[in-house]
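Student: Would you mind keeping the following structure in view while I ask a few things?
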Amino acid sequence: MQQQEVYKVKHPVRFVTASSLFDGHDASINIMRRILQASGAEIIHLGHNRSVEEVVNAAIQEDVQGIAISSYQGGHVEYFKYMVDLLNEKGAGHIRVYGGGGGVILPREIKELHDHGVARIFSPEDGRQHGLQGMINQMLEECDHPTPLELESDAAKAQQGDYQAIARLISHVENEDVTSDKLQDLLKITREDVPVLGITGTGGAGKSSLTDELVRRFINEVPDKKLAILSVDPTKKKTGGALLGDRIRMNAIFNERVYMRSLATRSSKTELSQAILDAIRVVKAADFDFIIVETSGIGQGDAEITEITDLSMYVMTAEFGAPTQLEKIDMIDFADFIVINKFEQKGSEDAFNQVRKQYSRSRMLFHEDHDTFPVFGTIASQFTTQVRTHYLLQF
Amino acid sequence: MQTVHGYKEDAKKQSDIARKLYQLKGTEEEIGQVEELIQLIEKYEKELEADNKEKLDKFDELKETYTKDQLSYKVRDKEFTVDLNTESLSGIKVPKVALPKYRDWGDRLYWMLMENVPGAFPFTAGVFPFKRKGEDPTRQFAGEGTPERTNRRFHYLSKNEPAKRLSTAFDSVTLYGEDPDERPDIYGKVGESGVSICTLDDMKKLYDGFDLVDPMTSVSMTINGPAPIILAMYFNTAIDQQLKKFKDENGREPSQEEYEQIKVETISVVRGTVQADILKEDQGQNTCIFSTEFALRMMGDIQEYFINNEVRNYYSVSISGYHIAEAGANPISQLAFTLANGFTYVEYYLSRGMDINKFAPNLSFFFSNGLDPEYTVIGRVARRIWSVAMRDKYGANERSQKLKYHIQTSGRSLHAQEVDFNDIRTTLQALIAIQDNTNSLHTNAYDEAITTPTEESVRRAMAIQMIINKEFGLTKNENSLQGSFILEELTDLVEEAVLQEFERINDRGGVLGAMERQYQRGKIQEESLYYEGKKHSGDLPIVGVNTYVNPNPPSEDEINSMEVARASKEEKQQQIKNLHDFQDRNADKSEEALNRLKEVAASNGNVFEELMETVKVASLGQITNALYEVGGQYRRNM
């Protein structure tokens, strides 16, 4: 097999990837999403067993150009047609739908789906003829354009809380060097006091699971309030692609009171996106009651989140090495809350005490009762643990 | 792992001692009693353990037993008599079990410690002395459309078999614990690639006309996430059959006391398996619906319920490597991950205070057989590791040491090109499974690479098993994998590789720790890619796919006109209507029942015990959604 040329994207191209509802076969979509990402696309991967509505909502909130779905479990004709219909119904007919399901999808069904508006269903024969990269190249090329935007009307709609308009404006501030002034003219922020919580921490500490548990409690315990999540993941320097993987862990966001947007760090060279301040401005103008900003995994010396949020939470685990390592962590000095997640792990109690000691040292609180410090142990992976919510409820 | 290594080392040492003794005794015979010789013999006799000495003493007797014409033996207090040989058309008596011709005591002892006859520790050659008479390990597999249609298929498939061994495939809506619905993404999957079951009514229709308490009836259900709910529906179906019998015989409803009596008696005899293996779902197959922790707890609840109600003939879990293999793992990872999962369940049940000898017999295993060389010995290795660990690490009794497993031929080894060739692959896989004394076998239909099997393709798949069992001459012997140099070597190699994999899992904090690091999932994906790469490059020859390719491939029209099984609109509509009827009928009771279920779950009661009641009035989707509130939904991983 000769190495195939990789299509070079000219615009930021974003895809939502998933496997179909009640379908656990994720081997092929995993391969496809990896190649898409390696070819420079930003991938919002939702994992297996996703309903049409979940996929369509994610695609709209994330303002993507394309959706890629694998379907090996039957019912593909209904699934893909419904997806196209729902996209059209929600005014997002421009989002192109790609799919594949090996030999399960018959040639006549492929034709039926193409006729209905599915951009492309790839057959095993396509795979043999074009190779994986060939299929990916086709998808990228067809999606290599800016997403639609009508600045004035989108700004008006966003302020009414329209998720598609919000998504478009965030894309706009991500893609263009808009000055905040211009945005300010367009977007009137009525409430400056909307709390913005920053969640940051080491990679793999369980930030997303913890965020999900927070969201779930917010929805259950704070009626009628709306929540926006801006989640940042790193752009790969080598390829320009990014795996925006936070949505896959989130079960609670599938709710009309929740908006979520994933951003890649792109050229920021930090744990945040350069567009993050403007993105916060957009969701503030859209009148959300609570905003969560989740950063990508950070190192000991990173604490940028504290500069752009009202409150910040540092998520870590017991695995930080020797206690002296704690002295190097900037976030222990700055964070409003410190969470030691995966508290079921060995050594968590010791870690808890050491972190509290470091907390008292770094803030000169030598005589305070350590129990009053905002340092918490959580097990976000366990449903029954009570992640303490009273701080949240103060908002 | 140390246990198994320790056992092997002991076996080597002890057989070396036996060899020395054999040599010394031989020397003694030649040169007569010399003081030094007598001392050496005494020394080695002391070192030889008593039960090993007994084994050696009885070897000739054992051999003698198997050369007779008949043998009587006991299984669970029941006496069985079997013919020990079969006369071929040429008049040769083919022995059912052939024993080695070794004379050296070292070889004899080593063989007995590492191999032994079928039915004897370490059960390398099989957990029972002989195959069951009158019951081939064949299972009739069905699942399509409505319960009525699947029921008809079950009757058609099993009409000539005295043993009704049914295996049920559910549609994906059921597998993910939801109810049928008009919403297109759900609607499209109702009754596809499996039967749609969402209420107790459905379950009753599914097995209508089969006597579920008959000892010759055995029902297996392939379901995992919602397994506790589906199992509760199944048990209730069996109980209702007996209640109906009572009413017919007595002309009245049973009293509460009589009802309880019927219930207890029914579930203590009902025979079958529910897959319910949640660990492999997270590692490979992805039909997880509840948080792993809650799902594990419900498995424990089922097992606890089994112990309290003396459910003896039903397997509470089928610890499955099949899906791990289908997701791309090689046979060694399949075996290692699966056995490790098995030991994890053992540890978890022990931690809940259950007695090993009360739950171990309820565990069963399920492997895939592909074409890789390791598959020839997969059962041998699994049985040996399991029995040694159960005996020497957990002190389990003989019944608990026996690893029983089901084989399904590999679906992944079937290809969409030249589908006719697939039966040849399946035949080879079935042959090694039968030779390895699998306890249960399913042969895939050749067209499964492209569609749900049709009646015609299923019939051919069944014929594969029948030809091996009834026509193939070597099958008259039941230990044909013993005594071959290469198979003994393969057994050792695979066993060692599996033990090393245990160590890697152990280094990552055990099965659950490794899962959190995505270790198993990552390894499966890696191995899958390795296979795909080899297949793509042609390094791994696959006839009709990357070599010997058909010069006249079927046209698009031919593919389009191929017979594919799809559920009809009427069937889907009927399922939705039946669901609504059930929900309406129970509208006044379901809410209360669901609240009670949530309470039991939240207060750490036995969820399964409560489900036995809940399923009478609530549908599958109503129940799973109630449980999500208290137990948490599954959180996906990358």
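The values are calculated or read from the model by the stated rules, or taken from the named source; none is laboratory data. Predicted model, so just to flag it, every value in this text is computed and none were measured. No Cβ is skipped: glycine too gets one built from the backbone with ideal geometry, and neighbour counts run over all protein chains shown. Areas reflect the complete protein model, heavy atoms only, side chains present, ligands, DNA and RNA absent. Shrake-Rupley method; radii C 1.70, N 1.55, O 1.52, S 1.80 Å.
Student: Roughly what angle does helix A:52-61 make with the longest principal axis of chain A, taking Cα atoms, 0 to 90 degrees, to the nearest 10?
Tutor: 70 degrees
Student: Also, quick follow-up: Can you pull out the trypsin sites (Lys or Arg not before Pro) in region A:48-118 whose DSSP state is coil and whose Cβ has at most 10 other Cβ atoms within 10 Å?
Tutor: Taking region A:48-118 and a limit of 10 other Cβ atoms within 10 Å, no loop trypsin sites (Lys or Arg not before Pro) are found.
Student: Under 18 Å between alpha carbons, and skipping anything fewer than 8 positions from residue B:43 in its own chain: which lysines qualify?
Tutor: By straight Cα distance, residue B:43 reaches B:12, B:13, B:20, B:25, B:53.
Student: Moving on. Per DSSP H run of at least 4 residues, take -39500 (n - 2.57); add these up for chain B, divide by its residues and hand me the 222 nm value, nearest 500 deg cm²/dmol.
Tutor: -16500 deg cm²/dmol
Student: Using each residue's phi in region A:283-298, evaluate 6.51 cos²θ - 1.76 cosθ + 1.60 at θ = phi - 60° and report the 3J(HN,Hα) Karplus result to the nearest Hz, with x for Gly and Pro.
Tutor: 6, 5, 5, 7, 6, 6, 8, 8, 10, 10, 10, 10, 8, 6, x, 10
Student: Considering only DSSP beta bridges with both partners in the protein assembly as shown, what is the antiparallel share in %, to the nearest 5?
Tutor: Expressed as a percentage, antiparallel bridges in the protein assembly as shown total about 10.
Student: Treating only the Cα positions of region A:191-276 as identical point scatterers, give the base-10 log of I(q)/I(0) from the Debye formula at each q in 0.25 Å⁻¹.
Tutor: Result of the Debye calculation: -1.35.
Student: List the residues whose amide H sits under 5 Å from the amide H of residue B:221, counting only those 5 or more places along or on another chain, with H placed 1.01 Å from N in the peptide plane.
Tutor: B:168, B:273, B:274, B:275
Student: Continuing with this model, one more query. Just reorder A:342, A:357 by solvent-accessible area, largest first, 1.4 Å probe, all chains present.
Tutor: From most exposed to least exposed: A:357, A:342.
Student: Where both residues lie in region A:210-272, what percent of DSSP beta bridges are antiparallel, nearest 5?
Tutor: So the antiparallel bridges in region A:210-272 amount to around 10 percent.
Student: Go from 0 up to the bin containing the longest alpha carbon distance in region B:293-384, width 10 Å each, and give me the % of pairs per bin.
Tutor: 16, 44, 29, 11, 0
Student: Also, I was wondering about something else. Taking square-rooted eigenvalues a ≥ b ≥ c of the alpha carbon gyration tensor, is region A:292-390 rounded, prolate or oblate, where a/c under 1.5 means rounded and, failing that, a/b exceeding b/c means prolate?
Tutor: Taking the square roots of the gyration eigenvalues as a ≥ b ≥ c, region A:292-390 is rounded.
Student: Assuming 1.306 mPa s and 10 °C, estimate D for the protein assembly as shown with Stokes-Einstein, Rh taken as the Kirkwood radius over Cα pairs, in µm²/s.
Tutor: Translational diffusion coefficient: 50 µm²/s.
Student: If you take the accessible area of B alone plus A alone and subtract the pair, what total do you get in square angstrom, rounded to 100, with a 1.4 Å probe?
Tutor: Buried: approximately 3800 Å² between A and B.
Student: When the accessible area of region B:324-462 is computed with all protein chains present and a 1.4 Å probe, what percentage of it is carbon and sulfur?
Tutor: Summing carbon and sulfur atoms, their accessible area is 50 percent of the total for region B:324-462.
Student: Counting only protein heavy atoms, what percent of the accessible surface of region A:18-145 is carbon or sulfur at a 1.4 Å probe?
Tutor: Answer for region A:18-145: carbon and sulfur cover 49 percent of the accessible area.
Student: Taking θ as phi - 60°, what are the ³J(HN,Hα) couplings along region A:99-104 by the Karplus curve (6.51, -1.76, 1.60), each to the nearest whole Hz, with x for Gly and Pro?
Tutor: x, x, x, x, x, 5
Student: Under a 1.4 angstrom probe, counting protein chains only, how are A:350, B:355, B:507 ranked by accessible area, largest first?
Tutor: B:507, A:350, B:355
Student: Got the relative contact order for chain B handy, in percent, Cα pairs under 8 Å and 6 or more residues apart?
Tutor: Averaging sequence separation for qualifying contacts and normalising by length gives 16 percent for chain B.
Student: When the Kirkwood hydrodynamic radius is evaluated over all pairs of different C-alpha atoms of region A:130-250, what value in angstrom, to one decimal, is obtained?
Tutor: 17.7 Å
Student: Within 10 Å of each Cβ of B:630-638, how many other protein chain Cβ atoms are there on average?
Tutor: So the per-residue partner count for this stretch is 6.
Student: Within region A:174-321, what percent of beta bridges assigned by DSSP are antiparallel, to the nearest 5?
Tutor: 5 percent
Student: Which log10 I(q)/I(0) values, to two decimals, does chain A give at q = 0.07, 0.08, 0.09 Å⁻¹ under the Debye formula with one point per Cα?
Tutor: Cα-only, vacuum Debye calculation for chain A: -0.34, -0.45, -0.56.
Student: Now, a different point. So how exposed is residue A:128, as accessible area in Å² (1.4 Å probe, rounded to 10)?
Tutor: Ignoring ligands and nucleic acids, residue A:128 comes out at about 130 Å².
Student: A follow-up question, please. For residue B:350, tell me the accessible area in Å² from a 1.4 Å probe, rounded to the nearest 10.
Tutor: Solvent-accessible area, nearest 10 Å²: 60 Å².
Student: Please give the solvent-accessible surface of residue A:189 in Å², to the nearest 10, using a probe radius of 1.4 Å with every protein chain present.
Tutor: 40 Å²
Student: Let me ask you something else. Name the long-range amide H neighbours of residue A:312: under 5 Å, sequence gap of 5 or more, or other chain; modelled H, no Pro or chain starts.
Tutor: Amide H neighbours of residue A:312: A:198, A:336, A:337.
Student: With a ≥ b ≥ c taken as the square roots of the eigenvalues of the C-alpha gyration tensor of region A:1-62, please select rounded if a/c is under 1.5 and otherwise prolate if a/b is larger than b/c or oblate if it is not?
Tutor: Here region A:1-62 falls in the oblate category.
Student: Right, next: Do any chymotrypsin sites (Phe, Trp or Tyr not before Pro) in region B:452-534 lie in a loop, going by DSSP, with at most 16 other beta-carbon atoms within 10 Å of their beta carbon, and if so which?
Tutor: Answer in residue order: B:472.
Student: While we're looking at this one, here's another question. Of B:244/B:572; B:74/B:131; B:404/B:476; B:263/B:616; A:237/A:284; B:159/B:476, which sit over 19 Å apart, Cα to Cα?
Tutor: Going by Cα-Cα distance, B:244/B:572; B:404/B:476; A:237/A:284; B:159/B:476 fall outside the 19 Å limit.
Student: Still on this structure, please answer the following. Once the convex hull of the C-alpha atoms of region B:328-475 is built, how many Å³ does it hold per residue, rounded to a whole number?
Tutor: Hull volume over Cα atoms, normalised by residue count, gives 129 Å³.
Student: Of the GluC sites (Glu not before Pro) in region B:113-148, which ones lie in a loop per DSSP and count no more than 16 other C-beta atoms within 10 Å?
Tutor: B:135
Student: How large is ³J(HN,Hα), in whole Hz, for each residue of region A:162-167 in order, when computed from phi with the Karplus curve 6.51 cos²θ - 1.76 cosθ + 1.60 and θ = phi - 60°, using x for Gly and Pro?
Tutor: For region A:162-167, the Karplus-derived couplings read 6, 5, 5, 5, 4, 4 Hz, x marking Gly and Pro.
Student: Can you give the Rg/Rh ratio of region B:140-224, where Rg is from the C-alpha atoms and Rh is the Kirkwood radius?
Tutor: For region B:140-224, the value is 1.00.
Student: Hey, another quick one. Dividing the alpha-carbon radius of gyration of region B:486-624 by 2.2 N^0.38 Å (N being the number of residues), what value is obtained?
Tutor: For region B:486-624, the normalised Cα radius of gyration comes out at 1.82.
Student: Once you have the alpha carbon radius of gyration of region B:1-78, what is it after dividing by 2.2 N^0.38 Å, with N set to its residue count?
Tutor: In units of the globular-protein estimate, region B:1-78 measures up at 1.48.
Student: Please report how far the C-alpha centroid of region A:229-260 lies from that of region B:310-344, rounded to the nearest whole angstrom.
Tutor: After rounding, the separation between the Cα centres reads 34 Å.
Student: With the Cα gyration tensor of region B:117-189 giving a ≥ b ≥ c as the square roots of its eigenvalues, does the rule (a/c under 1.5 for rounded; else a/b larger than b/c for prolate; else oblate) give rounded, prolate or oblate?
Tutor: Oblate shape, in that a/c is at least 1.5 and b/c is the bigger or equal ratio.
Student: Sorted from largest down, what three extents in whole angstroms do the Cα atoms of region A:227-376 have along their principal axes?
Tutor: So the extents along the principal axes, rounded to whole Å, are 44, 38, 29.
Student: Would you mind checking which residues have amide H under 5 Å from residue A:241's amide H? H placed 1.01 Å from N; only 5 or more apart, or other chain.
Tutor: The answer is A:40, A:236.
Student: How large is Rg over Rh for region A:1-154, taking Rg from the Cα atoms and Rh as the Kirkwood inverse mean of 1/r across Cα pairs?
Tutor: Result: Rg/Rh = 0.95.
Student: Kindly sort A:260, B:1, A:364 by accessible area of their heavy atoms, largest first, with the probe set to 1.4 Å.
Tutor: Order by accessible area, largest first: A:364, B:1, A:260.
Student: Follow-up question, since we're still on this one. Counting each pair of different Cα atoms once, what's the Kirkwood radius of chain B in Å, rounded to one decimal?
Tutor: 26.5 Å
Student: Working only with C-alpha atoms, what are the Rg and Dmax values of region B:528-579, expressed in angstrom?
Tutor: In Å, with Rg to one decimal and Dmax whole: 19.5, 53.
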